[in-house]
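Data first, discussion second: the structure below is written as structure tokens.
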Amino acid sequence: MARNKLAMAALVTVTLAVVGAGVTVLTLGRAGADDAASAPPPLTTTTVTRTDLSDSRSLDGTLGFGPERVVKGTGEGVVTRLPKVGDTVARGKPIYWVNDQPVPVLFGDVPLFRTLDKPGLVGSDVRVVSDNLAALGYQTGTRPTRAKDGTKIPAGQSLLTETLVAAIKKWQQALDLQPTGRIEVGQAVVLPGPVRVSAVKAVPGDPAAGELVAVTEKVKLVTVAVEATEVGSIRVGATVAITLPDTTESPGRVASISHTVDGGGPDSGAGQTSPPKVNVLVTPAKAADVVKLDAASVQVTFTTSARKGVLAVPVGALVALREGGHALQLPDGGLVAVETGMFSRGLVEVSGDGVTEGLTVVTAA
């Protein structure tokens, strides 16, 4: 009996010891967990880099041959022959025929508004004829700076000389026309450049004075409608990226910006107005990329501003200061005040005392 009591006492002692040891282990384990929870997380750092930043925006565009321009005939006569849709018309070549006589195209910005028949005439219409015949290889002579009466010829105008009249006659012979040296209104059409016939609006037998054909640019263009308040950031000649329907990108260039503002009136939605817009024409740089597309919806990305060789950090590295402004945090906890510039694709331009290329700073994970 006494032996059993000792055994029982020993068992209780061992049990208490084990329980006590278990409590200690549990207590130590909980303390370690608390210490781990209170330890600061490791810092994520980055460096200040020198790079180029740009601000861009993408707008919807339509690939085609650009806006149509209606060609109207003038003068007397009957239309006897018309081009086909898709035909292209070059400088000096006929665009249609009136009374079986070809009506050729000249390039320029001033229509032939009067009969050119007398040497001594001065005007911008004379300049158009002179420039085109010279471009076609005819000898037009030296361009005088003064008219026959001694007055100075204004810029953008030319004098109709005997040499130019002779060139007109040779040109008319090449077109199988009577070499009169005389060009009447309606005997030539002035267009801005090479064109493609997009629509035929008349039929043989119609009067020459009326809408005859519609033309577009010869090359494919992308037309982008840009809000008038934002078009000021786009420049002619600027490089753009065109995203095609298959999501591939093709380079392009801004060809022209219209001076005509469209819209600004009531929209289809009740109580809404559409903002005024300006058409921007973009020329694809690689014609092969769009050769199989006659018309398509595309996206055009314009670079509206750019900063070259600036210091930048990820936006997550900026620390907003209570008193206003921003700073960068150093790994030791110190702060360096910065001025921010352009934001682009997750980066921000920074500058300030102590901000140097390669500086290590803390950033958001």
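The values are calculated or read from the model by the stated rules, or taken from the named source; none is laboratory data. From a predicted model like this one, the values you see are computed outputs, not experimental measurements. Note that we place each Cβ from the backbone using ideal geometry, even for glycine, and neighbour counts take in every protein chain shown. SASA here: full protein model, heavy atoms, side chains in, ligands and nucleic acids out. Shrake-Rupley method; radii C 1.70, N 1.55, O 1.52, S 1.80 Å.
Restricted to strands (runs of 3 or more DSSP E) entirely inside the stretch 1-105, those with at least 3 residues that are at pLDDT 95 or above, of a type outside the set (V, I, T) and out of contact with any Pro (no Cβ under 7 Å at 6 or more places or on another chain) are 49-64. Taking the stretch 112-125, which residues are in a loop (DSSP other than H, G, I, E, B) and either surrounded by 16 or more Cβ atoms within 10 Å (Cβ to Cβ) or of a type in the set (A, V, I, L, M) (or both)? Hits for the stretch 112-125 are L112, L121.
With respect to (1) closer than 30 Å to V103 by Cα; (2) out of contact with any Ser or Thr (no Cβ under 8 Å at 6 or more places or on another chain); (3) modelled with pLDDT of 95 or more; (4) open to solvent by 20 Å² or more (accessible area, probe 1.4 Å), the lone exception for L212 is condition (4).
In the stretch 256-276, the count of residues that are among the aliphatic types (A, V, I, L, M) and open to solvent by less than 20 Å² (accessible area, probe 1.4 Å) is zero. When the stretch 126-178 is filtered for residues that are closer than 21 Å to P192 by Cα and either assigned to a helix (DSSP H, G or I) or among the basic types (K, R) (or both), the ones remaining, listed by number, are V126, R127, V128, V129, S130, D131, N132, L133, A134, A135, I168, W171.
Please work out which residue is surrounded by the most Cβ atoms within 10 Å (Cβ to Cβ), limiting yourself to the stretch 146-181 and to residues that are on the phi > 0 side of the Ramachandran plot and in contact (Cβ under 8 Å) with a residue 12 or more places away in the chain.
Here the answer is G181.
Could you list all residues from the stretch 348-365 that are surrounded by 15 or more Cβ atoms within 10 Å (Cβ to Cβ), in contact (Cβ under 8 Å) with a residue 60 or more places away in the chain and over 13 Å from V315 (Cα atoms)?
V355, L359, listed by residue number.
I'm trying to understand the selection: among the residues of the stretch 321-347, which are within 23 Å of S54 (Cβ to Cβ), at pLDDT 95 or above and open to solvent by less than 40 Å² (accessible area, probe 1.4 Å)? Of everything in the stretch 321-347, those that are within 23 Å of S54 (Cβ to Cβ), at pLDDT 95 or above and open to solvent by less than 40 Å² (accessible area, probe 1.4 Å) turn out to be L328, V338.
For the stretch 293-330, name all the residues that are part of a strand (DSSP E or B) and in contact with a Lys or Arg (Cβ under 8 Å, 6 or more places away or on another chain). Selection gives T301, F302, T304, G309, V310, L311, A312. Can you name the residue in the stretch 186-234 that is in contact (Cβ under 8 Å) with a residue 24 or more places away in the chain and among the charged types (D, E, K, R) and is also farthest from Q299 (Cα to Cα) among such residues? Of everything passing the filter in the stretch 186-234, D206 is farthest from Q299 (Cα to Cα).
The residue pairs whose first member lies in the stretch 240-252 and is closer than 10 Å to V290 by Cβ and in contact (Cβ under 8 Å) with a residue 40 or more places away in the chain, whose second member is in a loop (DSSP other than H, G, I, E, B) and open to solvent by less than 80 Å² (accessible area, probe 1.4 Å), and whose beta carbons are closer than 7 Å, counting only pairs six or more residues apart or on different chains, are S250/L244; G252/A285. Yes or no: the stretch 269-277 includes at least one residue that is in contact with an Asp or Glu (Cβ under 9 Å, 6 or more places away or on another chain), within 30 Å of E217 (Cα to Cα), outside any loop (DSSP other than H, G, I, E, B) and touching a residue at least 12 places away in the same chain (Cβ under 8 Å). There is at least one residue in the stretch 269-277 that is in contact with an Asp or Glu (Cβ under 9 Å, 6 or more places away or on another chain), within 30 Å of E217 (Cα to Cα), outside any loop (DSSP other than H, G, I, E, B) and touching a residue at least 12 places away in the same chain (Cβ under 8 Å). Does R143 satisfy the condition of being touching a Phe, Trp or Tyr at 6+ places or on another chain (Cβ under 7 Å), open to solvent by 20 Å² or more (accessible area, probe 1.4 Å) and on the phi < 0 side of the Ramachandran plot? Answer is no for this residue.
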